[in-house]
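Every number here is computed from the coordinates shown, using simple stated rules; none is lab data. All of these numbers come straight from a predicted model, not from anything done at the bench. All Cβ positions, glycine included, derive from the backbone under ideal geometry; neighbour counts span all protein chains shown.
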Amino acid sequence: PEAWEGDLLVVPIFAPGGDDKEALAVVDGIAKTIDDKTDGAITEMVEVNEFKGKDGSSAIVRLPKSSPVRKLSVVGAGDAKKFDVDSAMKLANSLAATIKTEKAKKAAVVLPAGTDAEGVKAMAQTVLSALYHD
């Protein structure tokens, strides 16, 4: 994602584990790398929007003109321990909805860590199906 240019970069983020229902999503892994490259844009979205990473949740921010990416979005991926093909398809529908809402002509999605080949296939098929126009 560091060299990618386009209208919208979507970063799925898992909900934090544990019993604390008020805990905010943790920015780590590739999300942290992107956060560092965007002057903390993901961390700020998490904090300002009290983003918890729940299924179907999302937040978006417009980046400065100097950025190769116009908008950055985080989308809730739910519980990492329960992430399976069905979860991947639900996430893909959220991704497609965000892409449509933002009218992105060139969008990219960062895959959640640990997504297997079956999950990648399910996500790709679901996003393409949701974005298809007659």
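One table, with the values for the structure above:
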item	result
The stretch 46-134: trypsin sites (Lys or Arg not before Pro) in DSSP loop, at most 10 other beta carbons within 10 Å	LYS65, LYS103, LYS105
Nearby lysines by direct alpha-carbon distance to LYS106 (threshold 21 angstrom, same-chain neighbours under 8 apart not counted)	LYS37, LYS65, LYS71, LYS121
Cβ-Cβ FRET estimate between ASP19 and LYS121, R0 fixed at 35 Å, reported to 0.05	0.55
The stretch 1-100: GluC sites (Glu not before Pro) in DSSP coil with no more than 16 other Cβ atoms inside 10 Å	GLU2, GLU5, GLU22, GLU50
Hydrodynamic radius by Kirkwood, which averages 1/r over all alpha carbon pairs of the stretch 1-84, in angstrom	13.0
Within the chain: Cβ-based charge dipole about Cα centre, in debye rounded to nearest 20 (Lys, Arg +1; Asp, Glu -1)	540
Farthest positive-ward along the chain dipole, Cα basis, beta-carbon charges - from ILE99, VAL85, THR33	ILE99
